[in-house]
Amino acid sequence: MSQEQLWTKNPSVLFMPGSFQRFVPTKDMDIPTSLNAIVRFTIYFSILLYAGTSKKEYLWSIPFVLLSTMIFAYLFPTQRDLVETFTLLNSAPSLIPEKVYTMPTPDNPFMNPLLTEIQDNPNRPDAAPITSKQTKKEIVEAFVETSDMYMDTSDRFDQAQAMRTFHTLQSGTIPSDQDGFLKFLSKEQDAPDTSSTFLARNAKLKSETYVQAQGSLGSLPNSISKLTGTSPSSSKKLSASSTT
């Protein structure tokens, strides 16, 4: 398709033979040709509306569009291709070699903290980023290795239906990185003040609703403590003295 000059440089280009039928912009047109097509469409459509309604107001759209195309051509003289800037999901694996992650296993494909790890592995690393292609592949491979006789993981549909029930938590550490989550929400512009707070791992031990009231239970006897109190003979003497 031949390219055109902008109508401001050569107004006759709008109705030259072979160009007057170009009134719809297409993706293979450059900026001047696209603006000329918009002007033609506006002229044609305004004339049709005026012929059908006899209202001159529709003709005012022609100078408005002409002025708009002049401003647009001044602001954007050259054509720029749209480039996708969000490349996180389409990029290469984003695993940091120096950082240790909790990787998918057949017992824990989605790398979430288990109840047993609270006692057995409290310092477990964070889960690997699920945006990495390598991590996604290992999750699928670990999920396929199952001993469930009722689930056919060789069928892609059944496997996808089974995997949709689970997901990886945002924080895979014990305890969860609440401070990091708050910093993420505030974009680190208004970081939370944690100077007066205690560690989350010992939060239950230091909570006022959990700590036993000191001095109230320590003196109470337990099930193996020696019985204390008055003997039967002393109680008889006490009752005899009271009757006299």
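The values are calculated or read from the model by the stated rules, or taken from the named source; none is laboratory data. Everything quoted here is computed from the prediction, not taken from an experiment. Don't worry about glycine lacking a Cβ; one is built from the backbone with ideal geometry, like all the others, and counts go over all protein chains shown.
At a glance:
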{"read-out": "Sole exception among (1) part of a loop (DSSP other than H, G, I, E, B); (2) under 23 Å from L75 (Cα atoms) for R40, by number", "value": "(1)"}
{"read-out": "Residue match in the stretch 90-113 (condition: out of contact with any Ser or Thr (no Cβ under 8 Å at 6 or more places or on another chain), aliphatic (A, V, I, L, M) and modelled with pLDDT of 85 or more)", "value": "yes"}
{"read-out": "Residue in the stretch 147-159 that is in a loop (DSSP other than H, G, I, E, B) and at pLDDT 80 or above present", "value": "no"}
{"read-out": "Scope the stretch 109-146; condition touching a helix residue (DSSP H, G or I) at 6+ places or on another chain (Cβ under 8 Å), over 15 Å from T168 (Cβ atoms) and part of a loop (DSSP other than H, G, I, E, B); matching residues", "value": "P122"}
{"read-out": "Residues located in the stretch 12-32, provided they are hydroxyl-bearing (S, T, Y) and either surrounded by 13 or more Cβ atoms within 10 Å (Cβ to Cβ) or under 14 Å from Y44 (Cα atoms) (or both)", "value": "S19"}
